[in-house]
Amino acid sequence: MSFFVRRLQPGDVFQAKTVSEEAVFVLLSGTCAANWGHGAKRLGKRRDVFDGFPYALYLPAAKEVLFTAQSACEIAECRAPSEARLEPKLITPSDVVSSLRGGGNASRQIVDIMGPVFPADKLMVIEVYTPGGNWSSYPPHKHDVHNPPGEVDLDEIYYYRIRQPEGFAFQHLYAGQHAGEQTLKPRDGDTVLVHSGYHPVVAGPGYDVYYLNFLAGSSRALAVTEDPNHVWIRSTWKDTDPRLPLVRE
């Protein structure tokens with residue numbers, strides 16, 4: 001996969017083409033007009049990622065789109081190899097699905113933008129909101145072995161935004177085939193690439209954390225293996241963190 005974040009000023013124009021790739025564009029903030037061959041359509045309404053649900057545009061192989069910024073805006077773009085001849089599709093805030101997951105201090109909000117049933121070739125897209133002090137992607141899970149239906153191999157991108165400028169998170173990567181154990185400290189605007197192994201996240205106390213996940217692999221399924229040493233934590237979950245949801249439409 002490849003990943004970019006573009007910041008446009010009012011009046012800026014950005015043209016994107018796909019040849020042997022599919023792409024998805026998630027509007028992080030601001031408003032723009034997008035034309036992918038069916039006339040210009042207005043996208044966006046949130047001031048930042050903590051101000052509501054997203055607009056996104058899925059663009060399959062052999063298509064193009066022209067974005068024209070109407071205000072200062074940020075667009076996250078992810079691409080994956082694809083030859084599938086599919087149709088572009090606009091995702092609006094009313095199309096996404098929000099849910100609460102986990103319990104106690106492992107509670108978080110999941111916003112599914114492009115899930116497994118979405119008509120794409122490989123890409124899946126999720127936004128995750130974790131209140132300060134909470135854990136996410138927990139119990140730790142992995143998806144690096146292609147053994148459906150139990151687990152499928154998926155590469156994953158985490159793009160972080162943090163509500164407070166001094167905020168941070170920690171992400172622990174371990175038991176991967178291609179890397180040793182390491183702990184990273186993402187700040188606002190950082191990106192973490194996950195190729196293999198477990199990869200839980202914890203938000204620094206007092207700092208609400210957002211990350212945008214892109215996933216792609218051999219199958220469009222979110223089938224994972226959880227670390228057997230930590231699955232017992234599920235039995236202790238009772239109430240969901242009352243701070244959730246952090247965002248609404």
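The values are calculated or read from the model by the stated rules, or taken from the named source; none is laboratory data. What you see is a predicted model, and the numbers here were worked out from it, not measured in a lab. When we count neighbours, we look across all protein chains shown, and the Cβ atoms used for this are built from the backbone with ideal geometry, even at glycine. To get the accessible areas, we keep the full protein, side chains included, count just its heavy atoms, and leave off ligands, DNA and RNA. Shrake-Rupley method; radii C 1.70, N 1.55, O 1.52, S 1.80 Å.
In this label model, residue 191 and residue 239 are separated by 4.0 nm, measuring between points 7 Å along each Cα→Cβ vector. Counting only residues at least eight positions apart within a chain, or on another chain, the aspartates and glutamates with an alpha carbon under 16 Å from that of residue 63 are 21, 22, 77, 83, 87, 121. Computed on protein heavy atoms with a 1.4 Å probe, the accessible areas place 38, 141, 146 in the order 38, 146, 141, largest first. Legend: residues 77, 64, sorted from most to least accessible area (1.4 Å probe; ligands, DNA and RNA excluded), read 64, 77.
Of the labelled options [x] 30, 21, 19; [y] 29, 22, 16; [z] 25, 22, 19, which one gives semi-axes √(5λ) of the Cα gyration tensor in Å as computed for this structure? Looking at semi-axes √(5λ) of the Cα gyration tensor in Å for this model, the match is [y].
Please tell me which of these pairs span more than 22 angstrom C-alpha to C-alpha: 17/122; 142/238; 17/45; 45/89; 122/185? Distance filter (> 22 Å) returns 142/238; 17/45; 122/185. Centre-to-centre separation between the Cα atoms of region 120-145 and those of region 189-249: 4 Å.
In this Cβ point-charge picture (+1 for Lys and Arg, -1 for Asp and Glu), region 51-96 has a dipole of about 160 debye about its Cα centre. For the chain, the Cβ-based charge dipole about the Cα centre amounts to some 600 debye (Lys, Arg positive; Asp, Glu negative; other atoms uncharged). At q = 0.23 Å⁻¹, what log₁₀ I(q)/I(0) does a Debye calculation on the Cα points of region 31-107 give, no solvent, two decimals? After summing over all Cα pairs, the log10 values are -1.17. Segment residue 42..residue 87, full-extension length gain: 14.3 nm, with 0.36 nm per residue of separation and the alpha-carbon distance subtracted. Put 124, 1 in order of accessible area, highest first, and with a 1.4 Å probe you get 1, 124.
The accessible area of residue 36, taken with all protein chains in place and a 1.4 Å probe, comes to roughly 30 Å².
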